[in-house]
Amino acid sequence: MFNDIAKRYDFLNRFLSAGIDVRWRKKALQQLIASQPKSILDVATGTADVAILADNILKPEKTTGIDISDGMLEIGRQKIDKLGLNNKITLLNGDSEAINFPDNTFDAVTVAFGVRNFQHLEAGLTEIKRVLKPGGKLVVLEFSKPTSPLVRLIYNFYMKMVTPNMGKLFSKNGAAYAYLDASIQKFPEGKAFVTVLNSIDYKNTYHKKLTLGICSIYCGIK
């Protein structure tokens, strides 16, 4: 599915969110400014938006992005090459539940709009903790559902009607964008996701709501 929509993925992200998704990614990466990570792993990196922003905002020595979609990775590599960042950012095919790096490798791990796609949520988060160095920080950016009844009504209409139809129009794959809403509905957001992080023994966990609760940031320390 992600291979199929890769070529229009960045455009539709900007279009469907009116560009707010870029601001969300920046806010998520700001959670790492104090710790100044030198090595970052971006899980479910997609077309490398977060990896590229991380290089710009945090100036790490090395950023590695992993994703199971070769189509998305190819678009990401083209962007990285165009920006001249091949010596700073590496993209690899990789699975969140079987990360091909030793224990205690990375100072920080980011996951933007990817955890809701993990086949086994706890397994993926446990594997991420394994490759984090002690004291390393996980930052998750994920869609959530607004709490205001009026905002939720508008949001539900947009996600169920507008998003799939725009996805079908521009990417020729409306099912992929219908899946987007379905995966958001199933995701254990807010305090429920923090509880999952706590159960895996992440420390100093917290979450922040963004843009009327449409998106949230979740953080924890190994």
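Key figures for this structure:
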| quantity | calculated |
| --- | --- |
| The range 94-141 - residue that is in a strand (DSSP E or B) and without any contact (Cβ under 8 Å) to a residue 60 or more places away in the chain and, of those, surrounded by the fewest Cβ atoms within 10 Å (Cβ to Cβ) | ALA98 |
| Lone unmet requirement of (1) under 16 Å from the mean Cα position of the chain (by Cα); (2) over 21 Å from SER216 (Cα atoms) for LEU141 | (2) |
| Leading residue by the ranking (nearest to ALA112 (Cα to Cα)) among those in the range 67-78 that are buried (at least 21 other Cβ atoms within 10 Å of the Cβ) and at pLDDT 95 or above | ASP67 |
| Hey, GLN30 surrounded by fewer than 17 Cβ atoms within 10 Å (Cβ to Cβ) and at positive phi or not | no |
| Some residue of the range 142-153 being surrounded by 13 or more Cβ atoms within 10 Å (Cβ to Cβ) and without any contact (Cβ under 8 Å) to a residue 12 or more places away in the chain | yes |
| Hits in the range 68-90 - residues which are in contact with a strand residue (DSSP E or B) (Cβ under 7 Å, 6 or more places away or on another chain) and not small (Gly, Ala, Ser) | ILE68, ASP70, LEU73, ARG77, ILE80, LYS88, ILE89, THR90 |
| Within the range 47-66, tally of residues that are over 22 Å from LYS222 (Cα atoms) and surrounded by 19 or more Cβ atoms within 10 Å (Cβ to Cβ) | 6 |
| Single condition THR147 does not satisfy, out of (1) in a helix (DSSP H, G or I); (2) modelled with pLDDT under 85; (3) among the polar types (S, T, N, Q) | (1) |
| Any chance THR63 is touching a helix residue (DSSP H, G or I) at 6+ places or on another chain (Cβ under 7 Å), at pLDDT 95 or above and not aromatic (Phe, Trp, Tyr) | yes |
| Residue match in the range 159-178 (condition: among the aromatic types (Phe, Trp, Tyr) and either modelled with pLDDT under 75 or not in a strand (DSSP E or B) (or both)) | yes |
| Tally of residues being more than 19 Å from PHE118 (Cα to Cα) and outside any helix (DSSP H, G or I) across the range 47-66 | 5 |
| Residue match in the range 78-86 (condition: among the β-branched types (Val, Ile, Thr) and either closer than 19 Å to CYS219 by Cβ or in a loop (DSSP other than H, G, I, E, B) (or both)) | no |
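Each row is one residue, and each column tells you yes or no for (1) in a helix (DSSP H, G or I); (2) modelled with pLDDT under 85; (3) crowded, with 19+ Cβ neighbours inside 10 Å.
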{"residue": "LYS7", "(1), (2), (3)": "yes, yes, no"}
{"residue": "PHE15", "(1), (2), (3)": "yes, yes, no"}
{"residue": "ARG23", "(1), (2), (3)": "yes, no, no"}
{"residue": "ILE40", "(1), (2), (3)": "no, no, yes"}
{"residue": "THR45", "(1), (2), (3)": "no, no, yes"}
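The values are calculated or read from the model by the stated rules, or taken from the named source; none is laboratory data. Treat the numbers as computed from the prediction; the structure is a model and nothing was measured. Counting neighbours? That spans all protein chains shown, and the Cβs are built from the backbone with ideal geometry, glycine included.
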